[in-house]
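Let me begin by presenting the structure, written as structure tokens, before commenting on it.
The values are calculated or read from the model by the stated rules, or taken from the named source; none is laboratory data. Only a predicted model underlies this, so the values are computations on that prediction, with no experimental measurement involved. We place every Cβ from the backbone using ideal geometry, glycine too, and count neighbours over all the protein chains shown. All accessible areas refer to the heavy atoms of the entire protein, side chains included, with ligands and DNA or RNA removed. Shrake-Rupley method; radii C 1.70, N 1.55, O 1.52, S 1.80 Å.
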Amino acid sequence: MRPLPPLVSPEELRDALGDERVRVFDTTVFLRRAVGGGPYTVESGRESYAQAHIPGAGFADIPGALSDPASPFAFTLPAAEHFAAAAGRLGIGDGTHVVAYAQDTPMWATRLWWLLRYFGHDEVSVLDGGLATWRAAGGPVEPGESTYSPASFSARPRPELLASLADVREKTENGAACLVNALSPEAFRGEGPGAYSRPGRIPGSVNAPWTSLIDAATNRFRPPAALAAALHGSGVRADQPVIAYCGGGISATVDLFALWLTGHDDARLYDGSLTEWCANPDLPLAYRRDGPVCSPARHR
């Protein structure tokens with residue numbers, strides 16, 4: 001098999017499906033929220049996966065098996081031993097290449113991409129446009145559930161890809177990094193029905209909405225040059241360390257994946273994001289006015 005790129009087209013995936021090293025996973029999660037706002041209700045995409053999925057694809061349970069069961073926050077990065085066991089049960093092991101896709105928005109696929117990369121597994125790709133693009137390209141689907149044979153996953157955490165609350169608090173105080181908020185402009189400004197306990201953003205953040213990085217009609221990623229322009233236009237500086245965050249560490253991985261596609265592989269994820277930050281009333285939030293552009297003069 002020719003090495004698959006980080007962003008895989010339906011045609012490339014179709015050619016690779018017969019390779020025994022390839023592991024394809026539907027990662028879908030649905031976030032439901034009342035019109036008047038309030039916290040999201042997390043709903044697994046397993047049922048819709050069972051109705052139609054890419055032939056042979058397994059289902060990766062991100063809020064369940066692939067998150068920390070002891071955390072008070074949804075989607076929290078699990079311990080290495082927990083993740084290694086869960087990945088092994090899925091059939092992900094050394095020498096396998098994972099292709100992640102979602103039924104709608106790409107953030108769940110990029111979350112699995114980031115999790116695997118954090119734990120040292122680089123052989124992972126995202127299906128561009130997800131299931132809808134696969135079907136539009138004539139790709140077949142099948143019902144039911146599929147599984148791969150268990151494998152041995154070697155977890156090798158990369159702590160340099162993760163930012164803690166303490167890290168972010170330090171950066172907000174000394175301006176040593178560019179904080180990138182991946183949520184919508186309205187959420188960034190603290191407007192409209194909120195999903196978190198307090199509205200607003202972490203002070204000093206810039207806004208690079210994940211939706212600005214994909215084609216709204218197809219959910220496919222924009223070309224690398226357009227991604228670079230969108231990120232730069234949002235105030236993301238390539239000459240500063242970048243920490244991306246969102247509500248719960250999911251949509252920010254779209255920004256991180258876009259940065260990866262444009263040659264920046266050292267950006268970090270604040271996994272707790274606003275769910276953790278807003279829960280502490282002593283931590284500051286900014287709102288309404290647009291945030292500053294990250295300045296290289298602040299880089300230390």
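Figure legend. Inter-residue proximity from the range 108-120: first residues farther than 14 Å from Ala65 by Cα, second residues among the aromatic types (Phe, Trp, Tyr), beta-carbon distance below 8 Å, spacing 6+ or different chains. Indicated pairs: Ala109/Tyr101; Thr110/Phe257; Trp113/Phe257; Trp114/Phe257; Phe119/Phe83; Phe119/Phe153. A search for C-beta distances below 7 Å between a residue of the range 1-29 that is more than 15 Å from Gly56 (Cα to Cα) and at pLDDT below 95 and any residue that is part of a loop (DSSP other than H, G, I, E, B) and not aliphatic (A, V, I, L, M), counting only pairs 6+ apart in sequence or on different chains, returns Met1/Asp19; Met1/Arg21. Looking across the range 170-210, the residues that are of a type in the set (Val, Ile, Thr) and under 16 Å from Gly248 (Cα atoms) come down to Val180, Ile202. Annotation note: Cβ proximity below 8 Å between a residue of the range 80-105 that is farther than 22 Å from Glu43 by Cβ and a residue that is of a type in the set (S, T, N, Q) and open to solvent by less than 10 Å² (accessible area, probe 1.4 Å) (sequence gap 6+ or interchain) occurs for His97/Ser125; Val98/Ser125; Val99/Ser125. Of the helices (runs of 4 or more DSSP H) lying entirely inside the range 1-102, the ones with 3 or more residues being of a type in the set (A, V, I, L, M, F, W, C) are found at 80-90. Looking across the range 190-222, the residues that are touching a Phe, Trp or Tyr at 6+ places or on another chain (Cβ under 7 Å), in a loop (DSSP other than H, G, I, E, B) and open to solvent by less than 40 Å² (accessible area, probe 1.4 Å) come down to Gly190, Ala195, Gly200, Ile202.
How many residues, within the range 85-95, are open to solvent by 10 Å² or more (accessible area, probe 1.4 Å) and modelled with pLDDT of 95 or more? Total satisfying the criteria: 3. Would you call Ser44 under 30 Å from Gly263 (Cβ atoms), small (Gly, Ala, Ser) and open to solvent by 20 Å² or more (accessible area, probe 1.4 Å)? Criteria not met by Ser44.
Might you check whether a residue that is in contact with a Cys (Cβ under 8 Å, 6 or more places away or on another chain), basic (Lys, Arg) and either farther than 28 Å from Ala217 by Cβ or assigned to a helix (DSSP H, G or I) (or both) occurs anywhere in the range 107-118? No: zero hits.
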